[in-house]
Amino acid sequence: MNLAEQYIEKQIAVLTKDKHIPDFRPGDTIIVHNKIIDEGNERIQLFEGVCLGRSKSRLGSTFKVKKISGGMCFEKTFPLYSPLVTKIEVIRRGKVKRAKLYYMRELVGKAARIKEKRDLSNKPSKA
């Protein structure tokens, strides 16, 4: 590992020291706790929606979230290791076959639904 890679790994360790980043994938419904700072006031804004995709480029990793509110679609890109993203919660796992769900941008209503992935790890096996 060269010096640049060591520096990047050290910065990621510093940025994730107090924050747990869950394992989430495109198709999952997530809640992002985003810190908003305006005119000296700080508040936490929740942004709940479907993850459309992730770009994994170490320190510059991002993810896109699509939210439907009041019949309008909002899409926001969040940096994964930003100190302004205080928490990420996974609400439900989605079952999709694509890495980028950009086709969901123009879908609304029932067409924008994603099947839920079944969790079979808690069920006893038949042996």
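Key figures
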{"quantity": "Members of segment 78-107 that are of a type outside the set (A, V, I, L, M), surrounded by 15 or more Cβ atoms within 10 Å (Cβ to Cβ) and in a loop (DSSP other than H, G, I, E, B)", "calculated": "TYR81, ARG93"}
{"quantity": "Filter result for LYS87 (within 23 Å of LYS17 (Cβ to Cβ) and at pLDDT below 90)", "calculated": "no"}
{"quantity": "Candidates LYS56, LYS64, filtered to the one that is within 30 Å of GLU116 (Cβ to Cβ), surrounded by fewer than 15 Cβ atoms within 10 Å (Cβ to Cβ) and without any contact (Cβ under 8 Å) to a residue 40 or more places away in the chain", "calculated": "LYS56"}
{"quantity": "Test result for LYS117, under 30 Å from ALA4 (Cα atoms), surrounded by 14 or more Cβ atoms within 10 Å (Cβ to Cβ) and charged (D, E, K, R)", "calculated": "no"}
{"quantity": "Some residue of segment 9-31 being free of Cβ contacts under 8 Å to residues at least 60 places away in the same chain, part of a strand (DSSP E or B) and of a type in the set (S, T, N, Q)", "calculated": "no"}
{"quantity": "Whichever residue in segment 108-117 is farther than 19 Å from VAL32 by Cβ and in a helix (DSSP H, G or I) and, among such residues, is modelled with the lowest pLDDT", "calculated": "GLY109"}
{"quantity": "Members of segment 38-68 that are touching a strand residue (DSSP E or B) at 6+ places or on another chain (Cβ under 9 Å), of a type in the set (S, T, N, Q) and part of a strand (DSSP E or B)", "calculated": "GLN45, SER55, THR62"}
{"quantity": "Condition check for LYS35: touching a strand residue (DSSP E or B) at 6+ places or on another chain (Cβ under 6 Å), in contact (Cβ under 8 Å) with a residue 40 or more places away in the chain and not in a strand (DSSP E or B)", "calculated": "no"}
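The values are calculated or read from the model by the stated rules, or taken from the named source; none is laboratory data. These figures come from a predicted structure and were not determined experimentally. No Cβ is skipped: glycine too gets one built from the backbone with ideal geometry, and neighbour counts run over all protein chains shown.
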